[in-house]
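Below is one structure, written out as structure tokens; the observations come after it.
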Amino acid sequence: MGQKVNPHGLRVGIINDWDSKWYADKKNFGENLSEDYKIREYIKKENFQAGIAKIEIERFAGRVKVSVFTAKPGMIIGKGGTGVDTLKSSIEKITGKTVIINVEEVKVPELNGQLVAENIASQLEKRISFRRAMKQAMQRTMKVGAKGIKTSVSGRLNGADMARTEGYSEGKIPLQTLRSDISYGFAEADTTFGKVGVKVWICRGEILRKPGSLLSDYQEPARALNDNRDAKKKRRPGGKPGNFKRDKKQ
């Protein structure tokens, strides 16, 4: 099951937090959900080149707070903050409420699955070989300290008549281990032969107990227990060379 489900959704409430943080009754729930979708689609469409990793939305009494996590915050903020003001007024027209915009920088974009997937997709649109694009992205990600990465592209690769799926992986990607910090991303490349889907999984280590405390060199409890047992295990007298009859000199 861990191979099929979205890694982020599987870990929500365990090591990942919700992207939308608000409560509403049945009467207003559908409207709020529709607004969240429109807000995310608008921001992504207007600022696609900014490399947006994710968008968090919080709702208060008559106010909406939108946090945009991006690799290039300057492109969203604009000169003198004009970009934020334009974005704020546009979202206020969608929601009809007071909007607060918060722009945060993604320090290491190579460790974000969504940004890596969009980067591969943009290279495919520039007619770069899909194998070269995937391998270069994997090398950059592993170079900055990722524990593992898996990439997959699907569609009419290199203009083939029949669509197929190809992928590469390096390191470890424990998708079923819920404490593993897996960053997942999906993007689509519009090529001359049709759409090509790109998926990326990045393992950034493990998170235990407290959200946000990354344990890079954490040893699994079961493995540590077995190691201790092996160290404490006493060998039988016949286990040492020289105690067998065949080893003793006649």
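The values are calculated or read from the model by the stated rules, or taken from the named source; none is laboratory data. Note that the coordinates shown come from a computational prediction; the quantities given were computed from them, not determined experimentally. Quick reminder, even Gly has a Cβ in these numbers, built from the backbone with ideal geometry, and neighbours come from all protein chains shown.
What's the number of the condition GLN3 fails, among (1) under 18 Å from the mean Cα position of the chain (by Cα); (2) part of a loop (DSSP other than H, G, I, E, B); (3) farther than 30 Å from LEU208 by Cα?
All conditions pass for GLN3, except number (3).
If we scan region 33-46, do we find a residue that is more than 23 Å from VAL116 (Cα to Cα), free of Cβ contacts under 8 Å to residues at least 12 places away in the same chain and not in a helix (DSSP H, G or I)?
Looking through region 33-46, none of the residues is more than 23 Å from VAL116 (Cα to Cα), free of Cβ contacts under 8 Å to residues at least 12 places away in the same chain and not in a helix (DSSP H, G or I).
Would you confirm whether or not region 20-30 contains a residue that is of a type in the set (A, V, I, L, M, F, W, C), outside any helix (DSSP H, G or I) and not assigned by TED's automatic domain parsing to the domain that holds ARG179? Break it down stepwise before answering.
Of all residues in region 20-30, those of a type in the set (A, V, I, L, M, F, W, C) come to 22, 24, 29.
When the remaining residues are screened for being outside any helix (DSSP H, G or I), the result is 22, 24.
Now drop any that are not not assigned by TED's automatic domain parsing to the domain that holds ARG179, which leaves 22, 24.
Within region 20-30, one or more residues are of a type in the set (A, V, I, L, M, F, W, C), outside any helix (DSSP H, G or I) and not assigned by TED's automatic domain parsing to the domain that holds ARG179.
Regarding region 68-75, can at least one residue be identified that is without any contact (Cβ under 8 Å) to a residue 12 or more places away in the chain and more than 29 Å from ILE207 (Cα to Cα)?
Applying the first criterion (without any contact (Cβ under 8 Å) to a residue 12 or more places away in the chain) to region 68-75 yields 74.
Now restrict to residues that are more than 29 Å from ILE207 (Cα to Cα): 74.
For region 68-75, residues without any contact (Cβ under 8 Å) to a residue 12 or more places away in the chain and more than 29 Å from ILE207 (Cα to Cα): present.
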